[in-house]
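Below is one structure; the comments refer to it alone.
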Protein chains: 2
Amino acid sequence: MPNHSMQLDRVFRALADPTRRAVLQRLSRGPAAVTALAGRFNMALPSFSQHLDVLERCGLVRSRKSGRVRTCRLAPRRMKSAERWLTRQRTLWERRLDQLDRYLLELKKGSPS
Amino acid sequence: MPNHSMQLDRVFRALADPTRRAVLQRLSRGPAAVTALAGRFNMALPSFSQHLDVLERCGLVRSRKSGRVRTCRLAPRRMKSAERWLTRQRTLWERRLDQLDRYLLELKKGSPS
């Protein structure tokens, strides 16, 4: 399986969880310290850290430690590749529908009235 | 958990598999009979049917039986909702970066040369 496909697997799996999506939604508004982020969710810090791990391992989030504070930020490149994959399938499908429309219109024009 | 969030969970989970993504890629080019679709993948029909089930249950694919032939087609509404979710987070993040850029530029203009 090509590398890009494995990356998409991981990114989509990471996105398939409401807590992880909520973290990304929060980070889309700017970087945040892990403790501040965790405080927004009603779960134990170890469970929350596991969610952050999943987001970091698939490349949707980056974190940096400065002193005792770890700060997270969105890393949108992987998000963009997932978005691109979806857009591509949708536009191909829409183009096909347009072609079908044009074809039906031509048929109608050509038919005896 | 709101209904929309559960739908996103299911859609992203369905997308986190290379076989299911390959099925969607094929269907983006037009409808296909289940047997013809299954023939493209090197797996037993029951396993393949499970993948199709996942895609149908989350609303990414619709199928219709006519006589003995079941035909599948892409149902892009759910795909679009996943795409919209990703686009929204990315554009928020980009807007934030733009604001930061403008702020830094203002600071630079204001500083003594």
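The values are calculated or read from the model by the stated rules, or taken from the named source; none is laboratory data. In this text the structure is predicted, and so the values were computed from the model without any measurement. Please note: Cβ atoms are built from the backbone with ideal geometry, for glycine as well, and neighbour counts cover all protein chains shown.
Numerical summary
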item	result
Any hit, region B:92-112, residues being within 14 Å of chain A (Cβ to nearest Cβ), part of a helix (DSSP H, G or I) and either under 21 Å from B:PRO31 (Cα atoms) or modelled with pLDDT of 90 or more (or both)	yes
Any hit, region B:90-111, residues being hydroxyl-bearing (Ser, Thr, Tyr) and surrounded by 15 or more Cβ atoms within 10 Å (Cβ to Cβ)	no
Members of region B:1-39 found to be more than 7 Å from chain A (Cβ to nearest Cβ), free of Cβ contacts under 8 Å to residues at least 40 places away in the same chain, surrounded by fewer than 17 Cβ atoms within 10 Å (Cβ to Cβ) and over 21 Å from A:ASN3 (Cα atoms), listed by number	B:PRO2, B:ASN3, B:MET6, B:ALA33, B:THR35, B:ALA36, B:GLY39
Candidate set from region A:40-56 (those that are closer than 27 Å to B:LEU15 by Cα and small (Gly, Ala, Ser)); member that is surrounded by the fewest Cβ atoms within 10 Å (Cβ to Cβ)	A:SER47
Qualifying residue in region A:37-51 (condition: assigned to a helix (DSSP H, G or I), of a type in the set (Gly, Ala, Ser) and in contact with a Cys (Cβ under 7 Å, 6 or more places away or on another chain))	no
Some residue of region A:57-80 being assigned to a helix (DSSP H, G or I), surrounded by 15 or more Cβ atoms within 10 Å (Cβ to Cβ) and among the β-branched types (Val, Ile, Thr)	no
Which listed residue is within 15 Å of the chain's Cα centre (by Cα) and modelled with pLDDT under 95, from A:ARG57, A:ARG77	A:ARG77
Evaluation of A:PHE48 against (1) among the aromatic types (Phe, Trp, Tyr); (2) away from chain B (no Cβ under 14 Å); (3) within 19 Å of B:LEU86 (Cβ to Cβ) (one fails), failing number	(3)
